[in-house]
Amino acid sequence: MEAAKRFLLVLFLVSLLSISTAATTRKFRARKPCKRMVFYFHDIIYNGKNAKNATAAIVGAPAWGNRTILSGQNHFGDLVVFDDPITLDNNLHSTPVGRAQGFYIYDKKDIFTAWLGFSFVFNSTQHKGSINFAGADPLMNKTRDISVIGGTGDFFMARGVATLMTDAFEGEVYFRLRTDIKLYECW
Amino acid sequence: MEAAKRFLLVLFLVSLLSISTAATTRKFRARKPCKRMVFYFHDIIYNGKNAKNATAAIVGAPAWGNRTILSGQNHFGDLVVFDDPITLDNNLHSTPVGRAQGFYIYDKKDIFTAWLGFSFVFNSTQHKGSINFAGADPLMNKTRDISVIGGTGDFFMARGVATLMTDAFEGEVYFRLRTDIKLYECW
Amino acid sequence: MEAAKRFLLVLFLVSLLSISTAATTRKFRARKPCKRMVFYFHDIIYNGKNAKNATAAIVGAPAWGNRTILSGQNHFGDLVVFDDPITLDNNLHSTPVGRAQGFYIYDKKDIFTAWLGFSFVFNSTQHKGSINFAGADPLMNKTRDISVIGGTGDFFMARGVATLMTDAFEGEVYFRLRTDIKLYECW
């Protein structure tokens, strides 16, 4: 009977453990990404002269601005649409692995800050599907976090955080963003 | 004692099962929707002549475009705001069950592709509340998936995927989208 | 043996309980917020005369509108970018605790209705991080719900619902929104 009792005790503790695991699955979930990927994307804004190379264009502007030149006051009010190549390294001429598509709006007069809504769209042997992003981008900060608000295909139901870093900034025509995607919900 | 031991063994296996269930609730969750609904919505874009019937209007355009006619280069840069009727079948004249409200931006020069941010807004005896969507819409594909990023009312905290299909496309004035909403998180 | 059997029975029931808890963690989760916060934000739209005070500007408009005055037909088609101060009370002159940054689009001809995409951005000793919102805002309703679609920093991975209430509305230049944020997913 002693052996059986000891076994029962172990069993009981195991049961308790399983209950507490169930009840706290979410609350104490470790902040460790279930998936992590780094990409670069490259934005060449149309400036009246670069129609062939441009991947982005101003489509909204404040009353005091126009749609060819980014407006004063830190571009406040300029709405830009983009279809930018995504690469695995920081070379604009590397073979794109997907496209970053969506928009950003410069939304502050005093400093450069934007609001982003866009997707990473993949259609290669390595990745099929999309990752959707939204959030504020105070682009004078070295790094800033936006939200991964959903995903489809290989990234079905994804949620997480993406850390943006301006990797290059050339005049007002080209910039390159390093995007460190950390998914905390993977299905 | 034999019977008791066998019972203990069963119990132990059951406990193990419960632990693994708890720990993997999310990972292995079946990809079966907890709610599924199909709707159609109808977009009639303003073209200078149809002010009475139009449900959508161009409000942003690239430097080379205007806000009455969709621009060249696959409408790249056109931003359209809409308030479209939602119907249960594919008939524009069916009684609407809600409104699809939001915007789309054509974001690619080479082919038709858009980025969508919008809501389904319901206020009937059948549905009260809203479903919020965001994502890339490569509209030349027969079907394409966007994200359900949230919901309110009857669709409180909803998450999922919506599969879009262009059900009709007439010139550049009218299109109808079939929307197959699959929610994977229902509260 | 009787005592052991009774113990086994209890253990068995406990195991069953733990299984059912694991399987339904999500389904029956109480609809009680894990975090609740109330803020006000203040929108002063540029009207051609208030460049110094304005926190928002029209950057898109329909063909029949312009970017200095909100258009007719319930502002249908006007796209507004904002960088509004957030305060703890309803006083425009209180010290801001953060900025509300993003855009809204008036999207209906018959009544005032808008679609919102924006973030609350905090960078104080009390809060660091951002909360991202999206949803339809039928602003003639006393209260209306939009989605919290994500968060960063202190609001890492947040999801929930925000109830908006127009707290003041002065002509077509100033409005103040009370924002009652209820998070149902806190990490």
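The values are calculated or read from the model by the stated rules, or taken from the named source; none is laboratory data. Keep in mind the model is a prediction, meaning the values are calculated, not measured. Methodologically, a virtual Cβ is constructed for each residue, glycine included, from the backbone with ideal geometry; neighbour enumeration extends over all protein chains shown. Side chains are part of the model used for accessible areas, which takes the heavy atoms of the whole protein and leaves out ligands, DNA and RNA. Shrake-Rupley method; radii C 1.70, N 1.55, O 1.52, S 1.80 Å.
Here are the numbers:
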| item | result |
| --- | --- |
| Extreme residue, nearest to A:Arg99 (Cα to Cα), among residues of segment B:115-126 that are modelled with pLDDT under 95 and not hydroxyl-bearing (Ser, Thr, Tyr) | B:Asn123 |
| Residues satisfying the stated conditions in segment B:17-42, i.e. at pLDDT 50 or above, surrounded by fewer than 20 Cβ atoms within 10 Å (Cβ to Cβ) and more than 8 Å from chain A (Cβ to nearest Cβ) | B:Leu17, B:Ala30, B:Lys32, B:Pro33, B:Cys34, B:Lys35, B:Arg36, B:Met37, B:Val38 |
| Residue list for segment C:86-97, restricted to those being open to solvent by 10 Å² or more (accessible area, probe 1.4 Å), farther than 17 Å from C:Glu170 by Cα and not hydroxyl-bearing (Ser, Thr, Tyr) | C:Leu88, C:Asp89, C:Pro96, C:Val97 |
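Here's the yes/no breakdown for (1) within 12 Å of chain B (Cβ to nearest Cβ); (2) of a type in the set (Asp, Glu); (3) open to solvent by 10 Å² or more (accessible area, probe 1.4 Å):
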position: C:Phe82; (1), (2), (3): no, no, no
position: C:Phe133; (1), (2), (3): yes, no, no
position: C:Lys142; (1), (2), (3): no, no, yes
position: C:Gly150; (1), (2), (3): yes, no, no
position: C:Arg159; (1), (2), (3): yes, no, no
position: C:Gly171; (1), (2), (3): no, no, yes
